[in-house]
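Undergrad: I am attaching a structure below and will ask some questions about it afterwards.
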Amino acid sequence: MTHNTSIDHFYAKIRNTHLYQHNKEVIGCTDVVVFGVQSLEGRALTFHILMDNGAMRSRVPIHMLCWKDDAPLQELHELQLWDCFGDDISVTKFNYLDEMRVQVLFKDKTIEWGSYVMTFDWYNNSSSEEPTQYKCGHFIRLDNGNYTIQPNNRLLWKDMSFTDKPFPTNPDWLVDDKKWICEKVAERWVVDSSDYYCYDFKKIKDEE
(Lines give C-alpha, C1' and ligand atoms only; values in the text may rest on other atoms or scores of the structure.)
Protein backbone atom coordinates (compact mmCIF):
# COMPACT_ATOMS: atom_id res chain seq x y z
CA MET A 1 0.00 0.00 0.00
CA THR A 2 1.26 3.47 -0.84
CA HIS A 3 -0.66 5.30 1.94
CA ASN A 4 1.78 8.26 1.83
CA THR A 5 2.90 9.71 -1.49
CA SER A 6 5.31 12.47 -2.41
CA ILE A 7 4.04 15.31 -4.63
CA ASP A 8 5.72 18.21 -6.40
CA HIS A 9 6.03 20.63 -3.51
CA PHE A 10 4.29 23.99 -3.62
CA TYR A 11 4.12 27.02 -1.34
CA ALA A 12 0.87 27.69 0.48
CA LYS A 13 -0.55 28.74 3.85
CA ILE A 14 -2.12 26.85 6.73
CA ARG A 15 -5.00 28.43 8.63
CA ASN A 16 -3.75 28.98 12.18
CA THR A 17 -7.05 27.75 13.60
CA HIS A 18 -5.97 24.24 12.57
CA LEU A 19 -3.02 24.48 14.97
CA TYR A 20 -5.36 25.04 17.93
CA GLN A 21 -8.03 22.37 17.55
CA HIS A 22 -9.98 24.67 15.21
CA ASN A 23 -10.50 27.36 17.82
CA LYS A 24 -12.48 30.01 15.91
CA GLU A 25 -10.88 32.79 17.95
CA VAL A 26 -7.49 32.00 16.38
CA ILE A 27 -7.05 33.92 13.14
CA GLY A 28 -4.44 34.38 10.45
CA CYS A 29 -2.28 32.03 8.41
CA THR A 30 1.26 30.66 8.43
CA ASP A 31 3.44 30.09 5.35
CA VAL A 32 4.08 26.42 4.55
CA VAL A 33 5.49 24.10 1.92
CA VAL A 34 3.16 21.24 0.94
CA PHE A 35 5.18 18.19 -0.10
CA GLY A 36 3.09 15.02 0.34
CA VAL A 37 -0.37 13.48 0.63
CA GLN A 38 -1.87 10.70 2.71
CA SER A 39 -4.75 8.52 1.55
CA LEU A 40 -6.88 6.51 3.96
CA GLU A 41 -9.94 4.63 2.72
CA GLY A 42 -13.15 6.38 3.72
CA ARG A 43 -11.42 9.58 4.84
CA ALA A 44 -10.61 12.91 3.20
CA LEU A 45 -7.25 13.21 1.49
CA THR A 46 -4.78 15.00 3.76
CA PHE A 47 -1.44 16.71 3.27
CA HIS A 48 2.04 16.76 4.77
CA ILE A 49 3.44 20.28 5.26
CA LEU A 50 6.55 22.06 6.53
CA MET A 51 5.95 25.36 8.32
CA ASP A 52 8.25 28.37 7.98
CA ASN A 53 9.33 27.95 11.63
CA GLY A 54 10.68 24.44 10.93
CA ALA A 55 7.74 22.49 12.38
CA MET A 56 6.11 19.74 10.35
CA ARG A 57 2.43 18.81 10.35
CA SER A 58 0.66 15.81 8.81
CA ARG A 59 -2.94 14.98 7.98
CA VAL A 60 -3.87 18.56 7.13
CA PRO A 61 -7.23 18.61 5.29
CA ILE A 62 -7.61 20.69 2.15
CA HIS A 63 -9.94 23.30 3.68
CA MET A 64 -7.16 24.21 6.14
CA LEU A 65 -4.84 25.12 3.27
CA CYS A 66 -5.02 28.28 1.18
CA TRP A 67 -2.72 30.59 -0.78
CA LYS A 68 -4.24 33.96 0.11
CA ASP A 69 -4.45 35.38 3.63
CA ASP A 70 -8.00 36.59 2.95
CA ALA A 71 -9.26 33.39 1.29
CA PRO A 72 -12.84 32.63 2.39
CA LEU A 73 -13.23 29.56 4.58
CA GLN A 74 -15.06 26.89 2.59
CA GLU A 75 -16.23 23.63 4.13
CA LEU A 76 -14.25 20.43 3.61
CA HIS A 77 -17.22 18.69 1.95
CA GLU A 78 -17.37 21.51 -0.61
CA LEU A 79 -13.71 21.42 -1.54
CA GLN A 80 -13.47 17.61 -1.71
CA LEU A 81 -16.67 15.84 -2.76
CA TRP A 82 -15.62 12.22 -2.18
CA ASP A 83 -13.55 10.49 0.48
CA CYS A 84 -10.55 8.42 -0.60
CA PHE A 85 -11.54 5.13 -2.26
CA GLY A 86 -8.56 3.32 -0.75
CA ASP A 87 -5.04 3.58 0.62
CA ASP A 88 -3.35 3.12 -2.77
CA ILE A 89 -3.07 6.43 -4.59
CA SER A 90 -1.15 7.71 -7.58
CA VAL A 91 -0.19 11.30 -8.32
CA THR A 92 0.14 12.56 -11.90
CA LYS A 93 0.80 16.01 -13.29
CA PHE A 94 -0.56 15.95 -16.82
CA ASN A 95 1.65 18.12 -19.01
CA TYR A 96 -1.21 19.18 -21.27
CA LEU A 97 -3.29 20.40 -18.33
CA ASP A 98 -0.44 22.17 -16.53
CA GLU A 99 -1.85 25.47 -15.20
CA MET A 100 -4.79 25.24 -17.59
CA ARG A 101 -7.73 27.42 -16.60
CA VAL A 102 -10.80 25.58 -15.37
CA GLN A 103 -14.22 26.35 -13.94
CA VAL A 104 -15.31 24.43 -10.84
CA LEU A 105 -19.02 23.80 -10.29
CA PHE A 106 -19.59 23.34 -6.58
CA LYS A 107 -22.51 21.34 -5.24
CA ASP A 108 -24.31 24.53 -4.17
CA LYS A 109 -24.26 25.52 -7.90
CA THR A 110 -21.71 28.30 -7.41
CA ILE A 111 -18.85 28.55 -9.91
CA GLU A 112 -15.24 29.47 -9.23
CA TRP A 113 -12.32 29.75 -11.65
CA GLY A 114 -8.99 28.12 -10.93
CA SER A 115 -5.85 26.57 -12.43
CA TYR A 116 -4.84 22.92 -12.70
CA VAL A 117 -2.06 21.63 -10.43
CA MET A 118 -2.11 17.79 -10.38
CA THR A 119 -4.35 14.71 -10.40
CA PHE A 120 -4.93 12.05 -7.74
CA ASP A 121 -6.15 8.58 -8.69
CA TRP A 122 -6.93 5.52 -6.57
CA TYR A 123 -6.47 1.81 -7.37
CA ASN A 124 -6.70 -1.65 -5.75
CA ASN A 125 -10.17 -1.02 -4.35
CA SER A 126 -13.68 -2.10 -5.31
CA SER A 127 -15.01 1.39 -6.07
CA SER A 128 -12.24 2.33 -8.50
CA GLU A 129 -12.57 -1.04 -10.25
CA GLU A 130 -16.30 -0.50 -10.80
CA PRO A 131 -16.77 1.62 -13.98
CA THR A 132 -19.83 3.50 -12.75
CA GLN A 133 -18.14 4.43 -9.45
CA TYR A 134 -14.64 5.34 -10.65
CA LYS A 135 -13.47 8.91 -10.02
CA CYS A 136 -10.12 10.64 -10.07
CA GLY A 137 -9.53 13.92 -8.26
CA HIS A 138 -8.06 16.97 -9.98
CA PHE A 139 -6.26 19.32 -7.59
CA ILE A 140 -7.15 22.91 -8.52
CA ARG A 141 -5.73 26.21 -7.24
CA LEU A 142 -8.81 28.44 -6.96
CA ASP A 143 -8.73 32.15 -7.74
CA ASN A 144 -10.46 32.87 -4.42
CA GLY A 145 -7.36 31.68 -2.56
CA ASN A 146 -8.43 28.13 -1.71
CA TYR A 147 -7.64 24.70 -3.17
CA THR A 148 -10.09 22.02 -4.24
CA ILE A 149 -10.13 18.38 -5.38
CA GLN A 150 -12.85 17.69 -7.94
CA PRO A 151 -13.84 14.84 -10.32
CA ASN A 152 -14.16 15.21 -14.10
CA ASN A 153 -17.88 15.95 -14.11
CA ARG A 154 -17.53 19.02 -11.86
CA LEU A 155 -14.99 20.79 -14.09
CA LEU A 156 -15.14 22.77 -17.33
CA TRP A 157 -11.75 23.35 -18.92
CA LYS A 158 -10.61 26.26 -21.11
CA ASP A 159 -7.92 25.67 -23.72
CA MET A 160 -7.80 28.94 -25.65
CA SER A 161 -6.63 27.21 -28.84
CA PHE A 162 -9.13 24.32 -28.76
CA THR A 163 -12.25 24.65 -26.58
CA ASP A 164 -14.11 27.14 -28.78
CA LYS A 165 -17.55 25.47 -28.72
CA PRO A 166 -20.27 26.36 -26.16
CA PHE A 167 -21.02 23.78 -23.48
CA PRO A 168 -24.43 22.07 -24.02
CA THR A 169 -27.25 23.54 -21.93
CA ASN A 170 -28.57 20.19 -20.74
CA PRO A 171 -26.09 17.46 -21.72
CA ASP A 172 -27.66 14.00 -21.56
CA TRP A 173 -24.42 12.01 -21.61
CA LEU A 174 -24.37 8.71 -19.73
CA VAL A 175 -21.77 7.19 -17.42
CA ASP A 176 -19.65 4.54 -19.13
CA ASP A 177 -20.58 1.28 -17.39
CA LYS A 178 -18.20 -1.06 -19.25
CA LYS A 179 -14.90 -2.67 -18.32
CA TRP A 180 -12.76 -2.51 -21.46
CA ILE A 181 -10.87 -5.78 -21.95
CA CYS A 182 -9.26 -6.39 -25.33
CA GLU A 183 -8.98 -10.20 -24.93
CA LYS A 184 -12.64 -10.70 -24.02
CA VAL A 185 -14.11 -11.91 -27.32
CA ALA A 186 -16.49 -14.72 -28.18
CA GLU A 187 -14.54 -15.87 -31.22
CA ARG A 188 -11.52 -18.11 -30.74
CA TRP A 189 -8.09 -16.94 -31.86
CA VAL A 190 -4.65 -18.41 -31.28
CA VAL A 191 -1.17 -17.06 -31.82
CA ASP A 192 1.05 -18.65 -34.44
CA SER A 193 3.10 -21.20 -32.49
CA SER A 194 6.35 -20.32 -34.27
CA ASP A 195 9.23 -18.52 -32.56
CA TYR A 196 9.23 -15.67 -35.07
CA TYR A 197 9.17 -12.16 -33.64
CA CYS A 198 6.53 -11.00 -36.15
CA TYR A 199 3.94 -13.64 -35.31
CA ASP A 200 0.46 -13.90 -36.78
CA PHE A 201 -2.99 -14.77 -35.45
CA LYS A 202 -5.14 -17.66 -36.60
CA LYS A 203 -8.91 -17.91 -36.18
CA ILE A 204 -10.17 -21.30 -34.95
CA LYS A 205 -13.38 -22.60 -36.43
CA ASP A 206 -15.98 -24.00 -34.05
CA GLU A 207 -15.63 -27.49 -35.50
CA GLU A 208 -11.93 -27.44 -34.70
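Undergrad: Take the residues in the range 40-59 that are part of a strand (DSSP E or B) and more than 20 Å from the chain's Cα centre (by Cα), then tell me which one is nearest to Leu81 (Cα to Cα). Before the answer, list the steps.
TA: Restricting attention to the range 40-59, the residues satisfying the condition of being part of a strand (DSSP E or B) are 46-51, 56-59.
After this cut, where a residue has to be more than 20 Å from the chain's Cα centre (by Cα) as well, the list is 50-51, 56-57.
Working: Leu50: 26, Met51: 27, Met56: 27, Arg57: 23 Å.
Ranking the qualifying residues of the range 40-59, first place goes to Arg57.
Undergrad: Separate question: Taking the options Glu99, Glu112, name whichever one is surrounded by 14 or more Cβ atoms within 10 Å (Cβ to Cβ) and of a type in the set (Asp, Glu).
TA: Working: Glu99 fails: surrounded by 14 or more Cβ atoms within 10 Å (Cβ to Cβ).
Matching residue, one of Glu99, Glu112: Glu112.
Undergrad: Turning to a different aspect of this structure: Can you tell me which residues in the range 37-59 are surrounded by fewer than 20 Cβ atoms within 10 Å (Cβ to Cβ) and over 20 Å from Asn124 (Cα atoms)?
TA: Leu50, Met51, Asp52, Asn53, Gly54, Ala55, Met56, Arg57, Ser58, Arg59
Undergrad: Kindly list the number of the only condition in (1) touching a strand residue (DSSP E or B) at 6+ places or on another chain (Cβ under 6 Å); (2) surrounded by fewer than 20 Cβ atoms within 10 Å (Cβ to Cβ) that fails for Met64.
TA: The number of the failed condition is (2).
Every residue, every condition in (1) out of contact with any Lys or Arg (no Cβ under 9 Å at 6 or more places or on another chain); (2) without any contact (Cβ under 8 Å) to a residue 40 or more places away in the chain; (3) closer than 25 Å to Asp164 by Cα, yes or no:
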| residue | (1), (2), (3) |
| --- | --- |
| Met51 | no, yes, no |
| Val60 | yes, no, no |
| Gln80 | yes, no, no |
| Glu112 | yes, yes, yes |
| Asn125 | yes, no, no |
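Undergrad: For the range 147-167, which positions are over 20 Å from Ser39 (Cβ atoms) and not in a strand (DSSP E or B)?
TA: Answer for the range 147-167, where residues must be over 20 Å from Ser39 (Cβ atoms) and not in a strand (DSSP E or B): Asn153, Asp159, Met160, Ser161, Phe162, Thr163, Asp164, Lys165, Pro166, Phe167.
Undergrad: Going through Val91, Val117 one at a time, which residue ends up being crowded, with 16+ Cβ neighbours inside 10 Å, under 19 Å from the mean Cα position of the chain (by Cα) and within 27 Å of Asp70 (Cβ to Cβ)?
TA: Only one candidate qualifies: Val117.
Undergrad: Name every residue in the range 14-34 that is of a type in the set (Val, Ile, Thr) and either part of a strand (DSSP E or B) or in contact (Cβ under 8 Å) with a residue 24 or more places away in the chain (or both), in order of residue number.
TA: Ile14, Thr17, Thr30, Val32, Val33, Val34
Undergrad: Next question, about the same structure. Only one residue in Asn124, Asn144, Asn170 is modelled with pLDDT of 95 or more and either farther than 24 Å from Gly86 by Cα or assigned to a loop (DSSP other than H, G, I, E, B) (or both). Which one?
TA: Asn144
Undergrad: Going through the range 60-95 one residue at a time, which ones are out of contact with any helix residue (DSSP H, G or I) (no Cβ under 6 Å at 6 or more places or on another chain), within 26 Å of Glu129 (Cα to Cα), outside any loop (DSSP other than H, G, I, E, B) and not polar (S, T, N, Q)?
TA: Listed by number, the residues that qualify are His77, Glu78, Ile89, Val91.
Undergrad: Quick one: Val37 ticks every box in (1) more than 30 Å from Glu129 (Cβ to Cβ); (2) not in a loop (DSSP other than H, G, I, E, B); (3) not small (Gly, Ala, Ser) bar one, so which box is it?
TA: Failed condition: (1).
Undergrad: Can Val104 be described as farther than 17 Å from Val37 by Cβ, in a strand (DSSP E or B) and out of contact with any His (no Cβ under 7 Å at 6 or more places or on another chain)?
TA: yes
Undergrad: Pick out the one residue from Pro151, Pro131 that is over 20 Å from Lys68 (Cα atoms) and modelled with pLDDT of 95 or more. Lay out the reasoning, then the answer.
TA: Details: Pro131 fails: modelled with pLDDT of 95 or more.
After ruling out the rest, the residue left standing is Pro151.
The values are calculated or read from the model by the stated rules, or taken from the named source; none is laboratory data. The structure displayed is predicted, hence computed values, not measured ones. Methodologically, a virtual Cβ is constructed for each residue, glycine included, from the backbone with ideal geometry; neighbour enumeration extends over all protein chains shown.
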